[in-house]
Amino acid sequence: MFDQFMFVGLPYVALFSFIVGSIVRYRCRQFSYSSLSTQFLEDRWLAWASFPWHVGILIILMGHLVAFAMPGLWSSLMSVPLFLLVVEAIGVLCSFLCLMGLIILLVRRFVDAKLQAVTSYLDIIALIILLFQVCSGLSIALMHRWGAAWAPGALGPYLHSIFLLKPDVSLVVDMPVFVKLHIMSACVLIMFFPFTRLVHALSLPFQYFVRAPQKVVWTNTRAQARFEKKEKYEHERRLFLKAAVGVGSSIILLSLGTLDKFLSYFLKQDTTNSEQSHILAKKLQHLKQSAAERELELERMRQSSIFVANLSELSRDRGKYFIDYLMRPALAFIDEEGYPILLSAKCTHLGCTVGQNVDKDGRILCPCHISYFSIKTGEPSEGSPAKEPLPHLGWEIRDGQGNILVEQDSAGSRKGTLDEALKNNGKLYIAKRFS
Amino acid sequence: MEDKKNKFQIFLEFMRERLPLQKMNFETMVQKKEVPIHRMSWAYYLGGLTLLFFIIQLVTGTLLLFYYQSTVSDAYVSVEFITLYVKSGFLIRNLHTWSSSCMIFCLLAHMITTFAMKAFDRPREITWITGVLLLMLTFAFGFTGYLLPWHQIAVNATKVVLQSIEMVGQYLPGSLSTFPTYLKELIQGETSVGQATLSRFTALHVVILPLLFFGVLGLHLLSVQLHGMSQGVDKPTGKKEKFFPIFIIKDFWVWGCVFLGVFILAQCLPFESFSAYPLFEAYNSLGSTPDGIKPEWYFYFIYYPLEMLPFWVIMIGQVVAGVGLILTPWIFKHTSRKVLGMIAWLVTAYLVIITVFGPQIYEVVKGAH
């Protein structure tokens, strides 16, 4: 019985009151169709109340309207999680704006003497109903989450049943108490609507947007000067505010865009197991390479001669790289008779490492500045940027037992001769005494 | 005695005019500062842009330091790790490389325009000289930073530059001729480019150069603020705008647009995509130097002449240019802005041609041999 009254009787009473009351008031007391602005009585608090209240409530009403007028479209939009999240967030944010506005509006009615003179009971009642309405809406949003998604399906049919004059109470009786309260107070609000200042919502001043701008001109020159000064000040203030908003919002955008990148830079890397092992293997390989170089260095400090290659490995058209006693790159070739040629591979121009491939004229190339060097003499060819020859290195050839059988110093004077057996199993060394 | 005192006083007078510290107050530096409006006004943004890029370098460089390891075995791997695995590490590194090039570009443009506008004229000599020092420091930044990734082109290009220091020796008399070799090894820290060099370059790039840069930049900005903007043209239009807040907001607007551009560039286009990959492999001390070892584009203006002309020409040219840059306020004291503009155009033309067409010119000259 109570539900029947609240969800069938009350809505129709409210609608009747709304329609008839609005029409009667418009026809009989047209000039009372106003928000009865109190701006000239008190404007400092009003700015902090009226603006947030109107922004918040207009956005929320728009949401309610679209959700219940086009439930299909709305539901399909709300099925995208991100979209739902954004809509809910905007809704809650707007509720807080409304709440802030209403509380300030209410408080200023009570504390300002000038306002109390013009305040009627209906004003207070309207504010309290609105406050109740916002609070119940906010409670639903916070306690029964994702209302934007479930409300059109759950409450839409009830609203439709009211407007189609086939009221169906069963659609709402099982709703949570805050939802019921929200519906009831909405009805009360609609009922009181035509008798309060809320009627200004029906008189939208659309012509403000299209009419020509008005210029205020004072006939009193002093007043006009004061007015212009104030206008100029206001203009500059607006410019400053615009700039501040521009700079502020660009700083926020910049921070959002870059901080996201900069903060994630410090997060743990999400690497797969195989990636991690790949990284580790690579690190290890480089460490081994460094270790090998250090060993070469140590060897060169301690050993009086160092193994370069087996004579049989060397070729005439492709040099073998090795490191000389001064830790510089060098190349080993072989000549027609089978004797080794050891050349420094550090270009005498600017110190690049000379390539290992021998061209048809018996030359090797430094790729940095295109210098050709003859491998036989080490001399750079005509027109090369390098002017000095690549120096020859001294060497010695040992047999399997380690006896030195042939040797040549860096100036090129040779001791001993090479036989066929040695060509196949001789071992080539560089020696400290030649460097 | 009398004479000495006078000289000291002359020096004091000189400094008083160049560093008018009595103007160091809120009124002159903020409230009254104005920026002239004329056809060259755009040039007033270039210094600020250079500063923006320096700030980007500072921030991204600090971030890179969190992952970079400056040892010959780890440097390459750590840089690769930043690029491939650290979240937005690719962006940070790419931003660092792109912005370094942009910084040098703006710095050169800033220098050429201030030259053409005769902004170095009395009493702004200190601004100019500190500016030249900043240019040299920035080149030093570029040179030291180039080695840190320890890939083929980095190490080999560093080797080439250091070796060319040694080549100066042949033109010096007597025992002086070993000095360049000594200098080279002082920079290298050992007989060839290795761990010692990498450690030194890291210390320079990350600590010493930034500290020096802060000091010189402080003096540069202070003297800019003290003297205000220079007139810039022979016939001032008389139109001016307030530095604060009008110019500064425009400046920030330009910064915003440019940052957006560099950010997008860094996100979309790896700086290394302009060179062949083998150059970015890990440095291999045992292999041959790969083809195409080149310094960064901003060294082309000295690199290609070095390739094509006798070394002593470059040496003399370098000394003349260096001294000329420092002494510009006195050399061009009585030169009109028209002539300065012409010189600026010539310098610009040289820089643009050698940087854009350097490789082609090199081919032509080498082909003629």
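Derivation of every value follows stated rules applied to the coordinates shown; laboratory data play no part. Here the structure is a predicted model, which is why all the values come from computation and not from measurement. Note that we place each Cβ from the backbone using ideal geometry, even for glycine, and neighbour counts take in every protein chain shown.
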In the stretch B:229-259, residues that are surrounded by 13 or more Cβ atoms within 10 Å (Cβ to Cβ) and part of a helix (DSSP H, G or I) total 16
Just to be sure, is B:Gly341 closer than 30 Å to B:Arg124 by Cβ, in contact (Cβ under 8 Å) with a residue 60 or more places away in the chain and part of a helix (DSSP H, G or I)? yes
Within the stretch A:352-376, residues more than 23 Å from B:Val161 (Cβ to Cβ), touching a Gly at 6+ places or on another chain (Cβ under 8 Å) and either in a loop (DSSP other than H, G, I, E, B) or away from chain B (no Cβ under 14 Å) (or both) come out as A:Gln356, A:Val358, A:Ser374, A:Ile375, A:Lys376
In the stretch A:239-274, what residues are more than 7 Å from chain B (Cβ to nearest Cβ), in a helix (DSSP H, G or I), among the charged types (D, E, K, R) and within 25 Å of B:Thr83 (Cβ to Cβ)? A:Asp260
How about the stretch B:309-354: which of its residues are touching a Lys or Arg at 6+ places or on another chain (Cβ under 8 Å) and of a type in the set (A, V, I, L, M)? B:Leu340
Restricting to the stretch B:71-87, give me the number of residues that are in a helix (DSSP H, G or I), surrounded by 22 or more Cβ atoms within 10 Å (Cβ to Cβ) and at the interface with another protein chain (Cβ under 8 Å from one of its Cβ atoms). 1
Taking the stretch B:292-310, which residues are within 11 Å of chain A (Cβ to nearest Cβ) and free of Cβ contacts under 8 Å to residues at least 12 places away in the same chain? B:Pro310
Looking only at the stretch B:210-224, decide whether some residue is away from every other protein chain (no Cβ under 14 Å), surrounded by 17 or more Cβ atoms within 10 Å (Cβ to Cβ), under 21 Å from B:Thr50 (Cα atoms) and touching a Lys or Arg at 6+ places or on another chain (Cβ under 8 Å). yes
Qualifying positions in the stretch A:358-371 - in contact with a Cys (Cβ under 9 Å, 6 or more places away or on another chain) and surrounded by 20 or more Cβ atoms within 10 Å (Cβ to Cβ): A:Cys366, A:Cys368, A:Ser371
Quick check on my filter: what residues within the stretch B:212-234 are touching a residue at least 60 places away in the same chain (Cβ under 8 Å) and either among the aromatic types (Phe, Trp, Tyr) or on the phi > 0 side of the Ramachandran plot (or both)? B:Phe213, B:Gly228, B:Gly232
Note on the stretch B:50-68: residues part of a loop (DSSP other than H, G, I, E, B), facing chain A (nearest Cβ under 10 Å) and either without any contact (Cβ under 8 Å) to a residue 12 or more places away in the chain or under 25 Å from the mean Cα position of the chain (by Cα) (or both) are B:Phe66
Name the single residue, out of those in the stretch B:270-296 being polar (S, T, N, Q) and under 12 Å from B:Asn156 (Cα atoms), that is surrounded by the most Cβ atoms within 10 Å (Cβ to Cβ). B:Thr289
Consider B:Met29 carefully, then state whether it is surrounded by 14 or more Cβ atoms within 10 Å (Cβ to Cβ), more than 12 Å from chain A (Cβ to nearest Cβ), free of Cβ contacts under 8 Å to residues at least 60 places away in the same chain and not in a loop (DSSP other than H, G, I, E, B). no
Please tell me if A:Ile19 is closer than 25 Å to A:Ser95 by Cα, β-branched (Val, Ile, Thr) and in a helix (DSSP H, G or I). no
Would you check which residues across the stretch B:214-253 are aliphatic (A, V, I, L, M) and within 20 Å of B:Val30 (Cα to Cα) and list them? B:Leu217, B:Leu219, B:Leu221, B:Leu222, B:Val224, B:Leu226, B:Met229, B:Ile246, B:Ile248, B:Ile249
Pairs under 6 Å by beta carbon, first residue in contact (Cβ under 8 Å) with a residue 12 or more places away in the chain in the stretch B:243-256, partner of a type in the set (Ser, Thr, Tyr), six or more apart or different chains? B:Val254/B:Tyr45
Members of the stretch B:158-177 found to be within 12 Å of A:His369 (Cβ to Cβ) and within 21 Å of the chain's Cα centre (by Cα), listed by number: B:Val160, B:Ser164
